[in-house]
Amino acid sequence: MFIVAYLFVDLRISSYTLLMYKQMLTHKQAVKIRLKKAKNKEDLRDLARFHHARITEFQHERLVHLLVTFFFALLCLCALGMFFWLSSLTIDGLLTVLSGIMVLALFTLELFYIRYYYQLENGVQKLYELTILIEEEFITK
């Protein structure tokens, strides 16, 4: 029962993170629209609070994926070391082939994690530019 619940939670989290970059783009567009519609400093203050809360969520997501990326890089390096160690022993070719397949699988997964982290990092950097725009607008009103 616990394993089924864990798998359900894990699937829900992974579908959430796949949408995180799209949420970032949607948030950016929404902030730009609200920035144009802001009439006074109170509107800008509310927008700044909302924007800050969302940036905090995106930064947390970025940190988690950075740690996951490092973890899978470490796993990939360990698997690569095991592959070289097994190939030097020349005891059984099947273990060497299986460890090579594991290295390729982990390396491929690592490439996808790096790509996704790159998107998160660049998205958060673009949101920082929106923070500056909100602050400049707040000063001028």
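Somewhere in the stretch 90-108, is a residue small (Gly, Ala, Ser), surrounded by fewer than 14 Cβ atoms within 10 Å (Cβ to Cβ) and more than 26 Å from residue 21 (Cβ to Cβ)?
Scanning the stretch 90-108 turns up at least one residue that is small (Gly, Ala, Ser), surrounded by fewer than 14 Cβ atoms within 10 Å (Cβ to Cβ) and more than 26 Å from residue 21 (Cβ to Cβ).
For the stretch 91-125, enumerate the residues that are without any contact (Cβ under 8 Å) to a residue 24 or more places away in the chain and of a type in the set (D, E, K, R).
Result: 92, 115.
For the stretch 44-56, indicate whether the set of residues that are in contact with a Lys or Arg (Cβ under 8 Å, 6 or more places away or on another chain), over 22 Å from residue 120 (Cβ atoms), assigned to a helix (DSSP H, G or I) and at pLDDT 90 or above is non-empty.
yes
Out of 130, 80, which single residue is of a type outside the set (S, T, N, Q), surrounded by 12 or more Cβ atoms within 10 Å (Cβ to Cβ) and over 15 Å from residue 25 (Cα atoms)?
Just a single option satisfies the conditions, and that option is 80.
Based on what the data block shows, is residue 63 under 28 Å from residue 129 (Cα atoms), in contact (Cβ under 8 Å) with a residue 60 or more places away in the chain and assigned to a helix (DSSP H, G or I)?
No: the conditions fail for residue 63.
The values are calculated or read from the model by the stated rules, or taken from the named source; none is laboratory data. This is a predicted model, so every value here is computed, not measured. So basically every Cβ, Gly included, is an ideal-geometry build from the backbone, and we count neighbours across all protein chains shown.
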